[in-house]
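**Q** Right, I'll just put the structure down here and ask away after.
The values are calculated or read from the model by the stated rules, or taken from the named source; none is laboratory data. Everything numeric in this text was worked out from a predicted model, so none of it was measured. So basically every Cβ, Gly included, is an ideal-geometry build from the backbone, and we count neighbours across all protein chains shown.
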Amino acid sequence: MRLYLLGIVLPIALLGLAGCETTTVARVDPAVAAAIASEAPGDYFIGRRYYKRDYKMWGWVRRPGQQWKDAQLVMLNENTMIAPDRAENNIGVDNNREYRLRGRFTGGQVYEPASNRFYPEFVLTGYEVVSTAPPMIFGDRRALDPRVRLLTPPL
């Protein structure tokens with residue numbers, strides 16, 4: 001009797017679970033694609049501040065012309081220059097701002113305790129704000145909420 005019930009209940013349960021799976025189709029916003037296409041090549045980086053209250057990484061950094069999905073989440077080395085929000089004495093005020101960054105990757109990795117991960121180290125030597133309201137690069141809007149402990153890579 002138990003085997004008989006297992007033979008009926010198990011397939012039904014598995015069918016129910018299969019129906020619960022969600023598939024998200026990630027697509028790049030045309031405004032993001034246009035912004036990337038318009039970037040001039042050069043010796044600089046594009047950075048998107050990604051402020052999370054519980055984490056200490058700075059944000060996503062990529063080369064001009066490179067897709068956001070290929071950006072790296074970095075720890076900022078502020079020995080040469082302090083971060084833009086720290087310069088304003090208002091940590092996180094620049095969440096989701098886009099910058100043109102000057103600097104370099106050191107090749108080193110920096111440990112971030114809250115995420116228990118290592119991130120590439122980026123030495124900042126200069127910056128300028130590109131946009132205070134850039135197009136969305138994340139598939140989930142909660143990625144921009146500093147209170148949400150969600151580290152979402154860009155699309």
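**Q** How many residues does the stretch 77-96 contain that are within 12 Å of Tyr51 (Cβ to Cβ) and touching a residue at least 24 places away in the same chain (Cβ under 8 Å)?
**A** 8
**Q** Just checking, which of Arg63, Arg53 is among the basic types (Lys, Arg) and touching a Phe, Trp or Tyr at 6+ places or on another chain (Cβ under 7 Å)?
**A** None of the others qualify; the one that does is Arg63.
**Q** Output the residues belonging to the stretch 27-49 that are in a loop (DSSP other than H, G, I, E, B) and either out of contact with any Leu (no Cβ under 7 Å at 6 or more places or on another chain) or surrounded by fewer than 13 Cβ atoms within 10 Å (Cβ to Cβ) (or both).
**A** Hits for the stretch 27-49 are Arg27, Asp29, Ser38, Glu39, Ala40, Pro41, Gly42, Asp43.
**Q** Criterion first (modelled with pLDDT of 95 or more, surrounded by 15 or more Cβ atoms within 10 Å (Cβ to Cβ), within 25 Å of Val32 (Cα to Cα) and of a type in the set (Gly, Ala, Ser)) does Ala83 satisfy it?
**A** yes
**Q** Continuing with this model, one more query. How many of the residues making up the stretch 114-149 are part of a loop (DSSP other than H, G, I, E, B), surrounded by fewer than 16 Cβ atoms within 10 Å (Cβ to Cβ) and without any contact (Cβ under 8 Å) to a residue 40 or more places away in the chain?
**A** 5
**Q** Another question, if that's okay. Checking the condition buried (at least 16 other Cβ atoms within 10 Å of the Cβ) and not aromatic (Phe, Trp, Tyr), which residue from Val110, Val93 passes?
**A** Val110
**Q** Follow-up question, since we're still on this one. Determine the pairs where a residue that is within 15 Å of Arg97 (Cβ to Cβ) and at pLDDT 95 or above, located within the stretch 33-58, has a partner that is assigned to a loop (DSSP other than H, G, I, E, B) and among the basic types (Lys, Arg) with Cβ atoms under 9 Å apart, the partner being 6 or more residues away or on another chain.
**A** Going by the 9 Å Cβ cut-off, the qualifying pairs are Phe45/Arg63; Ile46/Arg63; Gly47/Arg97; Arg48/Arg97; Arg49/Arg97; Lys52/Arg147; Lys52/Arg149.
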